[in-house]
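Down below is the structure, laid out as structure tokens.
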Amino acid sequence: MQQGTLMRKVKSKSWKKQRFFKLQDDCMTIWYQSKRTGKIESAFSISDVETVREGHQSEVLQSLAEEFPPEHCFTIVFYGRRGNLDLIAGSAEEAQCWVQGLRQLIEPRSFPLTFALVSLTWIRDWFQKADKNKDGRMNFKEVQHLLKMMNVDMNEDHALQLFRDADKSESGTLEGEEFVLFYKALTQREEVLSLFQEFSEDGKKLTLLELVDFLREEQLEDEDTEEMAMELIDKYEPSETARTRHVLSADGFLMYLCSPEGSIFNPQHQVLWQDMNQPLCHYFISSSHNTYLIEDQLRGQSSIEGYIRALKRGCRCLEVDCWDGPNGEPMVYHGHTFTSKIPFREVVSTLGKYAFKKGRTLLPHPLLGAKGSWWCWPSAVQDPRVKQASWRSWAPQSASLSPIPQELKHKILLKGKKIGRLEDVLDGPADEMPDVSDDDNGAEAEEERRRAKVVLDDAPSTQHSSALQKDKETLAQALSDCVIYCKNVSFRGFQEARSHSRPSEISSLSEAKARKLIRDAGNEFVRHNAWQLTRIYPSGMRTDSSNYSPQEMWNVGCQIVALNFQTAGTEMDLCDGLFSQNGRCGYVLKPPFMRDEETLFNPSDPSSWEGPGPITLTIQVISGQQLPKVANSKDGAIIDPLVRVEIHGVPADQAHQETKYIENNGFNPRWDETLQFQLHVPELALVRFVVEDYDKTSRNDFVGQFTLAFANIKPGYRHIHLLSKDGTSIPPSSLFVHIRITE
């Protein structure tokens, strides 16, 4: 094991390279090097690993199933959009050693990522990066280099004084605990210590009553505060003596503020806390567009990873476009484009594994399968592979006028067109097109008409045997019968829908058509969405898989706002922010005034609705901690961070304000600036905190962000734990703020 384990790293059926993989002594870092050159090619942290899959559970490994047994194969899956690492071990024993070992390291229960552990891991990582000669010691020159890497621009005399104070052995180098002392001196939080001393009579500890006062006065905790204070001391006080005396030290106070209880996100809203017995149309539902694509819309790769990643983010509405493939096997891809293809059976198999599971968490509430296209004529419809795969997963249930999530647990609902028989394509005249819904307005409407023409041209002639024709009708009817709660219907106006549509039906609108309806008939749109589902999808012109703002669609109560999950940016930050609550189940209950079919609410004119009146959100941005460097920045470059707070909601609430930038300090910048916002409809507001690296000559660079619904904000002194552009955690980077909400 000194050299590491020799395994094959696989990128494709033809690209298989042997590499040595080794777990470092810190049990937190893995590197691998070329067998031929001995050069270390890459390294990654255990904290980057989301899960490990055994066997042929990737498309690449599935393509090698005949060459390598599943017992030798496994896949390392990373957080965010980083590509998976497919590996083939030399034996089943070696594969199991790595699989079980990695699972032990990433398993939260056996290796909890507490604040203290994150900090310790971070210290080790930096020590190893800065220890150039790998002798386990760090001289002052190496420390100076380390400070640059850590985003710290410090006066040399001050840095030297901290170095000498930590060098207890007077050896001229720091090692082990000495470096930890240096790090603690470097990360001294004056703003937190000042707050601690404000409530501590002796400045050294918080008694139980003093902690209760802090929780009530500043954190606005009003229930069982004494019991809560006891729990916080037991949980976060590092000194056993202090715990016995029921007091909290400054270190324990900091650990509490950096914990989930000290987060801006209300921990009570992180679990399933909303009523799940409302009609389906009363919820916002996390939804993806062309889920199978992980790149652009024209030439991008189709992959089951698209489905896996979306489901793991809590997505509950997926899209499947199914077409005839080689030998009559149904394939999923973006029709009439150059995207790659995946077998439909693999999609169904993937849904079977991941539809109701996110890691070790069960997601029991229903999954909607949006049958974007089903142009498999006629072979796919009669193919037993489709019959077996589809019918087993998408078995119809007895319909009710108002289906509710709680009653549809562990069910997959198929959204699509529904037929009595096959009259649209079999019995109609050759020049008659099947009904084209608003599923594909504009450019996509033309594409669907072209698809329909292909279907009609390829439909079987009357010379085929009547027995075969009947069989095809029966099978296609069986597929149609799976569409129960989400029958797709054309949208022909709100009055028409009110007169002829049912709650079990759904209309799909392009983003452009939805915007026009919002502009021309906002209140009618809200009322419509109080009793029927509406799906919004991106413009066909977004071939780069860019996204539109989902907020304007949520403002009128649209439930299924489909986004390209593969594209990072503000739009996906808003999506993740809205659906990070309620146990991340993918369903968020709409506010009461959006569930009332007679509501007067119009997002363009909040005054038309008798709401509770505007509230004031006051945010004091105090400080930042250990902010990451900008990707691909120059060696030694240090960021000039600023914080921008954005309000996304109804038009009257849309706003943003930002702090000044702090020059050359990404390690512990202090802003101490107050930003204030008025919210007219706080129930629909999302708050996005963005950290950027200021640049006076070009566009600012993204550093980190965190987005949450206003309803989930906890007032008081709070930490905001930043996320990367991909939506993954970047510990221990955070902001420290003070929040006040007044009417």
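A short reminder: the numbers here are calculations on the coordinates, not readings from a lab. The structure displayed is predicted, hence computed values, not measured ones. Counting neighbours? That spans all protein chains shown, and the Cβs are built from the backbone with ideal geometry, glycine included.
You can think of it this way: the chain between Arg670 and Ser539 has 42.9 nm of extra reach, that is 0.36 nm per residue less the Cα-Cα gap. Ranked from largest, the principal axis spans of the Cα set of the range 190-262 equal 26, 25, 23 Å. Model label sites at Ala568 and Lys11, defined 7 Å from Cα along the beta-carbon direction, differ in position by 2.1 nm.
Going highest first, how would you order 519-530, 191-202 by mean Cβ packing within 10 Å? Show your work: numbers first, answer last.
Working: 519-530: 19.2, 191-202: 15.5.
Descending packing order for the listed peptides: 519-530, 191-202.
Rounded, prolate or oblate: which fits the range 545-657 when a ≥ b ≥ c are the square roots of the eigenvalues of the alpha-carbon gyration tensor, with rounded for a/c under 1.5 and prolate only if a/b beats b/c? If you can, show how the numbers build up before the last one.
Numbers: a/c = 2.53, a/b = 1.69, b/c = 1.50.
Verdict is prolate for the range 545-657.
Listed peptides 404-411, 298-305, 641-648, 498-505 appear in the order 641-648, 298-305, 404-411, 498-505 once ranked by packing, highest mean of other Cβ atoms within 10 Å at the front.
Note on the range 498-526 and the range 638-658: Cα centroid distance 30 Å, given to the nearest whole angstrom.
Under the simplified labelling scheme, the Val271-Glu66 pair shows an inter-label distance of 5.2 nm, with each label point 7 Å from Cα along Cα→Cβ.
Net charge around Glu597, counting only other residues with Cβ within less than 15 Å of its Cβ (Lys, Arg = +1; Asp, Glu = -1)?
Working: positive: Arg498, Arg502, Arg527, Lys590, Arg595; negative: Glu524, Asp596, Glu598.
Net charge around Glu597: +2.
Taking a 25 Å limit on the Cα-Cα distance, which of the listed pairs Lys11/Lys312; Lys312/Lys418; Lys16/Lys134; Lys184/Lys204; Lys132/Lys168 fall beyond it? Don't skip to the answer; put the middle values down first.
Working: Lys11/Lys312 23 Å; Lys312/Lys418 30 Å; Lys16/Lys134 32 Å; Lys184/Lys204 17 Å; Lys132/Lys168 22 Å.
From the list (Lys11/Lys312; Lys312/Lys418; Lys16/Lys134; Lys184/Lys204; Lys132/Lys168), the Cα-Cα distance tops 25 Å for Lys312/Lys418; Lys16/Lys134.
For the range 673-743 and the range 289-325, what is the separation of their C-alpha centers, rounded to whole Å? Computed from Cα coordinates, the inter-centre distance equals 30 Å.
With a threshold of 31 Å on the Cα-Cα distance, the over-threshold entries among Lys341/Lys629; Lys516/Lys696; Lys235/Lys409; Lys415/Lys513 are Lys341/Lys629; Lys516/Lys696; Lys235/Lys409. Working note: Karplus 6.51/-1.76/1.60 with θ = phi - 60° gives the range 713-718 the couplings 7, 9, x, x, 7, 9 Hz, where Gly and Pro are set to x.
Determine the sum of side-chain charges near Glu673: Lys and Arg each +1, Asp and Glu each -1, restricted to other residues whose C-beta is under 11 angstrom from that of Glu673. Net charge in that neighbourhood comes out at 0.
Could you give the C-alpha radius of gyration of the range 5-106 expressed as a fraction of 2.2 N^0.38 Å, taking N as the number of residues it contains? Mind dumping the intermediate values first?
Details: Rg = 12.7 Å, N = 102, 2.2 N^0.38 = 12.8 Å.
So the Cα radius of gyration is 1.00 times the expected 2.2 N^0.38 Å.
Values of log10 I(q)/I(0) for the range 227-374 across q = 0.10, 0.18 Å⁻¹ run -0.56, -1.00, by the Debye formula with one identical scatterer at each alpha carbon and no solvent.
Assuming 0.36 nm per residue, please report the length gained on full extension of the stretch Ser499 to Asn155 beyond their Cα-Cα distance. Spell out each step's value before the answer.
Details: separation 344, 0.36 × 344 = 123.84 nm, distance 7.42 nm.
Here the segment from Ser499 to Asn155 would lengthen by 116.4 nm.
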